[in-house]
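K.L.:
My questions all concern the structure below.
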Amino acid sequence: SPDGKQTWWPLEDRQSTLFHGRGPAGTVETTAMAALALMKSGDHAGTVRGTLRWLVANKDEHGTWGSTQATVLALKALINASEGVLADAQPREIEILGNGNPIRTFTIPVDQFDVVRQEELTSLLDGETRLTIRELTETGTAYQFLVRYHLEPEATALT
């Protein structure tokens with residue numbers, strides 16, 4: 001990737017995987033299988049992290065990767081990594097910014113990498129705010145950002 005943080009193995013036009021995956025789904029299958037092989041070898045932890053970042057970044061809005069086989073392989077790679085295959089696990093340092101300004105920083109300990117964390121930001125935000133999540137460590141943290149809000153209904157005159 002241009003920033004050097006993601007790694008993947010794209011398929012050429014008209015190429016397909018062993019499971020007949022083509023296009024983006026085929027690229028997911030290939031990348032996930034490469035990640036699994038690299039994890040099994042125990043080498044190239046940086047490359048493995050890059051493939052995991054790419055897999056997470058390419059998940060669709062439904063939490064899948066374009067085909068059943070691509071989804072199975074991507075999940076298998078992510079689960080394999082979460083079970084401690086990457087030996088140099090370290091705490092994750094996360095920063096939340098509002099309109100470019102830091103509003104919250106927190107650490108996720110190694111033993112809590114799979115715990116759901118909720119952050120309430122209502123009291124820190126006022127009006128229209130652009131939220132950004134930034135990882136300060138190079139661990140390839142996966143996250144989901146969910147925003148909920150409530151608008152007061154407009155007052156109407158009763159007749």
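K.L.:
Based on DSSP H runs of at least 4 residues, each adding -39500 (n - 2.57), what is the mean residue ellipticity at 222 nm of the chain after dividing by all its residues, to the nearest 500 deg cm²/dmol?
P.N.:
Working: 3 runs with 45 residues, N = 159.
Only helices count here, giving -9500 deg cm²/dmol.
K.L.:
Here is a further query. Subtracting the Cα-Cα distance from 0.36 nm times the residue separation, let me have the gained length for Glu119 to Lys40 in nm, one decimal.
P.N.:
Working: separation 79, 0.36 × 79 = 28.44 nm, distance 3.53 nm.
Result for the pair: 24.9 nm of gain on full extension.
K.L.:
Span-like helices, the chain: DSSP H, alpha-carbon axial extent 20 Å or more, mean Kyte-Doolittle -0.5 or greater, which ones? Walk me through the numbers on the way to the answer.
P.N.:
Working: long enough: 23-41 (27 Å, 0.63).
Those that pass (Cα extent of 20 Å or more, hydropathy at least -0.5) are 23-41.
K.L.:
Relative contact order, percent, of the chain when contacts are C-alpha pairs under 8 Å separated by at least 6 residues?
P.N.:
Numbers: 187 pairs, mean separation 30.9, N = 159.
The value is 19 percent.
K.L.:
Rounded to the nearest 0.05, what FRET efficiency do Arg130 and Asp60 give with R0 = 35 Å and r taken as the Cβ-Cβ distance? Could you check?
P.N.:
E(calc), rounded to 0.05, equals 0.90.
K.L.:
While we're here: Using percent of Cα pairs over 25 Å apart as the read-out, say which of [x] 22; [y] 33; [z] 43 was calculated from these coordinates.
P.N.:
Matching entry in [x] 22; [y] 33; [z] 43: [z].
K.L.:
Only Cα pairs under 8 Å and at least 6 apart count here; give the relative contact order of segment 23-85 as a rounded whole percent.
P.N.:
Values: 53 pairs, mean separation 30.6, N = 63.
Computed value for segment 23-85: 49 percent relative contact order.
K.L.:
List the relative contact order of segment 89-153 as a percent without decimals, with contacts defined as Cα pairs under 8 Å and 6+ residues apart. Kindly include the intermediate steps, with their values, before the conclusion.
P.N.:
Numbers: 72 pairs, mean separation 26.8, N = 65.
Answer for segment 89-153 is 41 percent.
K.L.:
Build a GNM of the chain with springs between Cα atoms under 10 Å: which of Glu120, Glu93, Glu61 gets the top mean-square fluctuation?
P.N.:
The residue that fluctuates most here is Glu120.
K.L.:
Counting only trypsin sites (Lys or Arg not before Pro) that are in a DSSP loop and have at most 13 other C-beta atoms within 10 Å, tell me the longest site-free stretch of the chain. Please report the intermediate quantities before stating the final value.
P.N.:
Numbers: sites that count: Arg14, Arg117, Arg130, Arg148.
In the chain, the maximal stretch lacking such sites is 15-116.
K.L.:
What are the semi-axes of the equivalent ellipsoid for segment 23-85, taken as the square roots of 5 times the Cα gyration tensor eigenvalues, largest first, in whole Å?
P.N.:
Details: eigenvalues 72, 23, 20 Å².
Working through the eigenvalues yields semi-axes of 19, 11, 10 Å.
The numbers here are math on the coordinates, done by the rules we state, and not lab data. Fair warning: this is a prediction, and the values are worked out from it, not measured in the lab. Methodologically, a virtual Cβ is constructed for each residue, glycine included, from the backbone with ideal geometry; neighbour enumeration extends over all protein chains shown.
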